[in-house]
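**Student:** Please find one structure pasted underneath; my questions will follow.
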Amino acid sequence: MSTEILLSESASITSIAHREVIFQTWEGARGARPRTADDVFLLAGRRDDIGPHKRDLASLTELVHTLDLDSLQHERRIRGGPHDFAGIEISASYLGRRTYNRYDIEDTIGPALANRLRVPYHSRRGGTAPPPGYCGWRLTLDGTNATLLLRLGEFPAHRREYKTATIPGTLHPPVAAAMALLADLHPGQTVLDPCCGAGTLLIEAHHAVPGMTLIGFDLASRPRRAAKINSIGTAPLRIERADAAALPVADRSIDRVLCNPPWGSQVRAGGFLASDPEQWWCELARVLADDGRAVVLVPDARSLSYALDNGLIPTHVQQLSLFGRHPLMTRLERVLR
């Protein structure tokens, strides 16, 4: 996410903390919502972290009394967020050992905040979703600071409006956005996803850089239908049926490949890949242009040996944490002899 913020040339990063990047938009830049972020918040208030005992929780309400709610609502509104607070819900997280849990934190500061805003409060303790229109707040305790945040949008940033159709194993949109960023896309390029699924990678590529030719193949009909539904009014995708190991594409004709192949974890491989997964790498090497680039999710470092065997070298490898697994986001380029 920090790379996307810096490349936007509309904000500066002030600090990087546990699972968060704190940035400040420059004057006149109103729409900074990084697509690689799971969520985006406005800083509402901050104080010293509290102690580890339940009796310390009450001091959190001091944060509520110091808030400039008028300025906060104005800032949210001019950045494209909702105008009103119909109600509130709050999620909390903390580092270190404490004698209270996240729900104790939420149910301490949430009612105080709702009382000041004169709106209802929805507790997350029971596991039920908040009513429509309730705005999201977040409180983090990191051992140094207690930080209160207000969600910029009506929904978490990872929830994309275009993604109305989904399938098992569908890619998390912020990860797809990060892969598109890593690919160094440019207008006029031809971008291929040979295992396109619900179309998330290609749609995120279009949002990153419009003006490309976007091609998606998949053997199964359900993913192809989902990709077509998600792309309506969003991105000009060409979606067709094809085996990822026998693509109807000319040699060296693809500028960029973006792909989350079915390595057998959430989705089983079909077609030729079911019996010979290595064939996927042969086909990738065949269609990629001499100056092309592929960004692929692979399950482990062992998979990269197949890429090397087919003349593709990793120029960037980053481990991710996705649903209990740790795949590698890998950028590959051709070895030119």
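A short reminder: the numbers here are calculations on the coordinates, not readings from a lab. What you are looking at is a predicted structure, and each value in this text was computed from that prediction instead of being measured. Because the Cβ atoms are built from the backbone with ideal geometry, glycine has one as well, and the counts that use them run over all protein chains shown.
**Student:** Fully extended, how many nm does the chain gain between Glu278 and Phe323 (0.36 nm per residue separation, minus their Cα-Cα distance)?
**Tutor:** 13.7 nm
**Student:** What FRET efficiency, computed as 1/(1 + (r/R0)^6) with R0 = 25 Å and r the Cβ-Cβ distance, is obtained for Leu336 and Ser2, rounded to the nearest 0.05? Don't skip to the answer; put the middle values down first.
**Tutor:** On the way: r = 31 Å, r/R0 = 1.24.
Once rounded, the FRET efficiency stands at 0.20.
**Student:** Here's another thing I want to ask about it. Percentage of Cα-Cα pair distances in the chain greater than 36 Å, rounded to whole percent?
**Tutor:** Summing the P(r) tail past 36 Å for the chain gives 31 percent.
**Student:** What length, rounded to one decimal in nm, is gained on full extension from Arg47 through to Asp184, with 0.36 nm per residue of separation minus their alpha-carbon distance? Mind showing how you got there, number by number?
**Tutor:** On the way: separation 137, 0.36 × 137 = 49.32 nm, distance 4.02 nm.
Between Arg47 and Asp184, full extension yields an extra 45.3 nm.
**Student:** Same structure again: Could you put His206, His316, His122, His53 in order, starting from the residue whose Cβ has the fewest other Cβ atoms within 10 Å?
**Tutor:** His53, His316, His122, His206
**Student:** If you average over every viewing direction, what projected area does the convex hull of the Cα atoms of the range 16-133 give, in nm²?
**Tutor:** Average projection, Cα convex hull of the range 16-133: 8.5 nm².
**Student:** Taking Cα pairs under 8 Å and at least six residues apart, what relative contact order does the chain come out at, in percent?
**Tutor:** This gives 12 percent for the chain.
**Student:** To check you understand DSSP bridge types, tell me what percent of the beta bridges within the chain (both residues inside) are antiparallel, rounded to 5.
**Tutor:** Of the beta bridges lying entirely in the chain, close to 55 percent run antiparallel.
**Student:** While we're on this one: If you take the beta carbon distance between Ala86 and Thr166 as r and set R0 to 35 Å, what does 1/(1 + (r/R0)^6) give as a FRET efficiency, to the nearest 0.05? Provide the component values of the computation, followed by the final result.
**Tutor:** Working: r = 27 Å, r/R0 = 0.77.
It comes to 0.85.
**Student:** If you don't mind, there's one more thing I want to ask. In whole Hz, with x marking every Gly and Pro, tabulate ³J(HN,Hα) for the range 94-100 from phi via Karplus 6.51 cos²θ - 1.76 cosθ + 1.60, θ = phi - 60°.
**Tutor:** Rounded to whole hertz, the list is 8, 10, x, 7, 9, 8, 10.
**Student:** Also, I was wondering about something else. What's log10 of I(q)/I(0) for the range 135-218 at q = 0.19, 0.26 Å⁻¹, Debye sum over Cα points only, no solvent?
**Tutor:** These q points yield log10 I(q)/I(0) values of -0.86, -1.26.
**Student:** Right, here's the next one. Per DSSP H run of n ≥ 4, the term is -39500 (n - 2.57); total these for the chain, divide by its residue number, and report the mean residue ellipticity at 222 nm rounded to 500 deg cm²/dmol.
**Tutor:** Value at 222 nm, helices only: -7000 deg cm²/dmol.
**Student:** Continuing with this model, one more query. Test of understanding: ordering Arg151, Arg19 by Cβ neighbours within 10 Å, fewest first, what list do you get?
**Tutor:** Numbers: Arg151 22, Arg19 9.
With the fewest neighbours first, Arg151, Arg19 line up as Arg19, Arg151.
**Student:** Provide the net charge surrounding Met179, with neighbours chosen by a C-beta distance below 13 Å and charges set as Lys +1, Arg +1, Asp -1, Glu -1. Present the calculation step by step, with values, prior to reporting the outcome.
**Tutor:** Values: positive: Arg35, Arg256, Arg293, Arg331; negative: Glu4, Asp184, Asp193, Glu204.
Neighbourhood net charge equals 0.
**Student:** Another question about this same structure. Relative contact order, percent, of the range 173-334 when contacts are C-alpha pairs under 8 Å separated by at least 6 residues?
**Tutor:** 20
**Student:** Over the range 38-151, what is the percentage of antiparallel beta bridges among all DSSP beta bridges, to the nearest 5?
**Tutor:** Of all bridge pairs located within the range 38-151, approximately 55 percent are antiparallel.
**Student:** Subtracting the Cα-Cα distance from 0.36 nm times the residue separation, let me have the gained length for Arg125 to Ile16 in nm, one decimal.
**Tutor:** 36.3 nm
**Student:** Right, here's the next one. To test your reading of the geometry: what angle, between 0 and 90 degrees and rounded to tens, separates the Cα axis of helix 102-117 from the longest principal axis of the chain?
**Tutor:** Helix 102-117 and the main axis of the chain meet at about 60 degrees.
**Student:** Helix 221-231 sits at what angle to the longest principal axis of the chain, using alpha carbons and giving 0 to 90 degrees rounded to 10?
**Tutor:** 60
**Student:** Also, I was wondering about something else. What ³J(HN,Hα) values, in whole Hz, does the Karplus curve 6.51 cos²θ - 1.76 cosθ + 1.60 give for the range 186-194 when θ = phi - 60°, with x put for Gly and Pro?
**Tutor:** 9, x, x, 6, 9, 10, 10, 10, x
**Student:** Give a residue-ordered list of calculated ³J(HN,Hα) values for the range 289-294 (Karplus: 6.51 cos²θ - 1.76 cosθ + 1.60, θ = phi - 60°; whole Hz; x for Gly, Pro).
**Tutor:** Ordered by residue, 3J(HN,Hα) equals 5, 4, 9, x, 8, 10 Hz.
**Student:** Put +1 on the Cβ of each Lys and Arg and -1 on the Cβ of each Asp and Glu in the chain; which of Val287, Pro187, Ser221 then has its Cα farthest toward the positive end of the dipole?
**Tutor:** Result: Ser221, furthest along the dipole toward the positive end.
**Student:** Still on this structure, please answer the following. How far, in degrees from 0 to 90, does helix 278-287 lean away from the longest principal axis of the Cα atoms of the chain, to the nearest 10?
**Tutor:** Here the helix axis deviates by roughly 80 degrees.
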